[in-house]
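Participant: Structure incoming, see below.
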Amino acid sequence: MRDEFLKFISHVINSFSEGVRGNAFGGPKAVSPNFLISTKMSIFYNTISDAKKVLVVDLGFLGDTIHMLPGLWSIREGLPHARLDVMVGDHIQSLMGVTPWVDRVLGYPRYPKGPKWYQDIGRVMKLRKEKYDVIINLNGSDRSCFLTFAIGAPYRLGRVPPREKFITNHCFTHRVKVPYRTMPCYLQRWECLKKVGFPNKEPVFNISIPEAVKEKVDKLLAGRRDFVHVSPFTTEDYKGLPLNILARFLNFIEKPLVISCAPSERELKKLHQLLPLLKVKPWRVFEGNLSLQELACVIGSSEKHMGGDSGALHVALMMGVSTLSWFREYPGKVEWLPIGPKHRYLIGEMSPHGLQKISSEDLQNALG
């Protein structure tokens, strides 16, 4: 273990040297991490436009990965001939099957708990052998920054964080500054790439559901498309609606309901408490038995998605489906609220028993 660790440290030091020395594909030398903060941003894209191998690192949860997709498509469009690899949490790796234009998807053990630092040594050593020309990491978590640095590439693009961190700042050769908490996450990341020169036209969720998934879901739904999809629960009770409020609202809906939830013991228990409160049996109930691609296809087949601040809401955004959602009041909510005429939301007060000051009547009125 000691020899392996020393070898790992040696490679990390070398990766820094490589980043300072220059470009593996014949471009000019890399520069200090603060270069793009004070210089013409478009120089980054011009410098890497002939890159042969690119890695995008995003170790967030489902919503984070979905909000990465328009930026990822911008990278694909800007570097059409490069091999494009993406590293995401392994619990959501299957979602990336909707992006056939990505060459390889790497899973990282992010959930429910990430590995110890020394457990990453083998993974990093293997990825260093890929000799990436460029690594792009707009996620910015400490772990993803260290991985970006350790894997190594002559050009490593990161984002200036809300609070500067000396160690993580030096994991990058270039950094771009776009304000936080000003717009949805997918627009922020797309703006980052636009700012460094990628020829972006507009943010697009360019996704494609595999035909086999479409066929399976079509059978599950019996070809029906006139239903409302409900994701009734969130990862924490304080982010969701109390069951009595939610049931009263759902009893108002005249359209057929399709309800889905996560396979966790907590959500399944809440589902079995909710169903007896409904006057009309939902047309379909999926008790955590849909894959992420199947969930996307089900939501994409619906007329509307309704739910709280959870991954399913971001799936609906990705699929272009209109939404009604409920959020708690907190400073960062603007980053996750769907925007545009197809989307409506209500803001409640957080409590241990669920969101307060959102009534079933408020929800009915929000439907329009």
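The values are calculated or read from the model by the stated rules, or taken from the named source; none is laboratory data. On a predicted model such as this, the values are computed, not experimentally measured, just so you know. Counting neighbours? That spans all protein chains shown, and the Cβs are built from the backbone with ideal geometry, glycine included.
Participant: Please work out which residue is modelled with the lowest pLDDT, limiting yourself to the stretch 146-170 and to residues that are in contact with a Pro (Cβ under 8 Å, 6 or more places away or on another chain) and surrounded by 19 or more Cβ atoms within 10 Å (Cβ to Cβ).
Facilitator: Applying the filter and picking the extreme gives 168.
Participant: Go through the residues of the stretch 249-259 one by one and say whether even a single one is outside the structural domain of residue 44 (by TED's automatic domain parsing), more than 15 Å from residue 325 (Cβ to Cβ), buried (at least 22 other Cβ atoms within 10 Å of the Cβ) and out of contact with any Leu (no Cβ under 7 Å at 6 or more places or on another chain).
Facilitator: yes
Participant: Give the residues of the stretch 78-95 that are more than 21 Å from residue 210 (Cα to Cα) and in a helix (DSSP H, G or I), sorted by residue number.
Facilitator: 78
Participant: Would you say residue 123 is within 14 Å of residue 108 (Cα to Cα), of a type outside the set (Ser, Thr, Tyr) and either in a helix (DSSP H, G or I) or modelled with pLDDT of 95 or more (or both)?
Facilitator: When the stated conditions are applied, residue 123 passes them.
Participant: Look at the stretch 78-133 and say how many of its residues are among the charged types (D, E, K, R), surrounded by 16 or more Cβ atoms within 10 Å (Cβ to Cβ) and either in the same structural domain as residue 295 (by TED's automatic domain parsing) or under 24 Å from residue 207 (Cα atoms) (or both).
Facilitator: 3
Participant: Having 1 or more residues that are closer than 30 Å to residue 365 by Cα and in contact with a Cys (Cβ under 8 Å, 6 or more places away or on another chain) is the bar; report the strands (runs of 3 or more DSSP E) wholly within the stretch 148-265 that clear it.
Facilitator: 228-231
Participant: Given the options 293, 273, name the one that is loosely packed, with under 13 Cβ neighbours inside 10 Å, of a type outside the set (Phe, Trp, Tyr) and in contact (Cβ under 8 Å) with a residue 12 or more places away in the chain.
Facilitator: The match here is 273.
Participant: Find the residue count for the stretch 284-300, including only residues that are under 15 Å from residue 268 (Cα atoms), touching a strand residue (DSSP E or B) at 6+ places or on another chain (Cβ under 7 Å) and not in a strand (DSSP E or B).
Facilitator: Residues meeting the conditions: 2.
Participant: In the stretch 70-128, which residues are among the aromatic types (Phe, Trp, Tyr) and touching a strand residue (DSSP E or B) at 6+ places or on another chain (Cβ under 8 Å)?
Facilitator: Residues satisfying the conditions are 101, 108, 111.
Participant: Then there is this: Return a yes/no flag: does the stretch 54-62 have any residue that is assigned to a helix (DSSP H, G or I) and closer than 23 Å to residue 293 by Cα.
Facilitator: yes
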